[in-house]
Amino acid sequence: MGKQNIGTINALIRITLGFFLMSYGSVRAVKRPWNQRYWLLILIAAMKVAEGIVRYCPMTDFAKRQINANLPFNLFTDPDNLEGTTSDDNHDTSTQP
């Protein structure tokens, strides 16, 4: 598991909607236990609640890694660095006195 990669507001929204969808799916699953889509809804909602609590989303992490792997620069950490070089690489050491 990686570091926390979602914000506080995003986590609160995930927790709130996750609990709402879990309760909705539970009510529907009690009325129609043979219908599998309500059980799937409960599982997905529980996963969203867990993501909100730990503030880590694996899909967000995967998307950021894929975007960073395909770009020559780091999109999420340094918006001014479009060449993919670090600030240490920009120093010209050939003109030393």
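Using a 10 Å cut-off around each Cβ, can you sort Ile67, Ile42, Ile9 from fewest to most neighbouring Cβ atoms?
Fewest-to-most Cβ neighbours within 10 Å comes out as Ile9, Ile67, Ile42.
According to the square roots a ≥ b ≥ c of the eigenvalues of the Cα gyration tensor, what is the shape class of the stretch 8-70, taking rounded for a/c under 1.5, prolate for a/b larger than b/c otherwise, and oblate for the remainder?
Verdict is oblate for the stretch 8-70.
Which of Val30, Val49, Val54 comes first, and how do the rest follow, when ranked by fewest Cβ neighbours within 10 Å?
Fewest-to-most ranking of Val30, Val49, Val54: Val30, Val54, Val49.
Along Cα→Cβ, 7 Å out, is where each label goes; now give me the distance between the ones at Ile15 and Trp34 in nm to one decimal.
According to this spin-label approximation, the distance is 3.9 nm.
Which order do Tyr24, Tyr38 fall in if you start with the one that has the fewest other Cβ atoms within 10 Å?
Tyr24, Tyr38
Readers should treat all values here as calculations from the given coordinates under stated rules, not as data from a laboratory. All of these numbers come straight from a predicted model, not from anything done at the bench. All Cβ positions, even for glycine, are placed from backbone atoms using ideal geometry, and neighbour counts span all protein chains on display.
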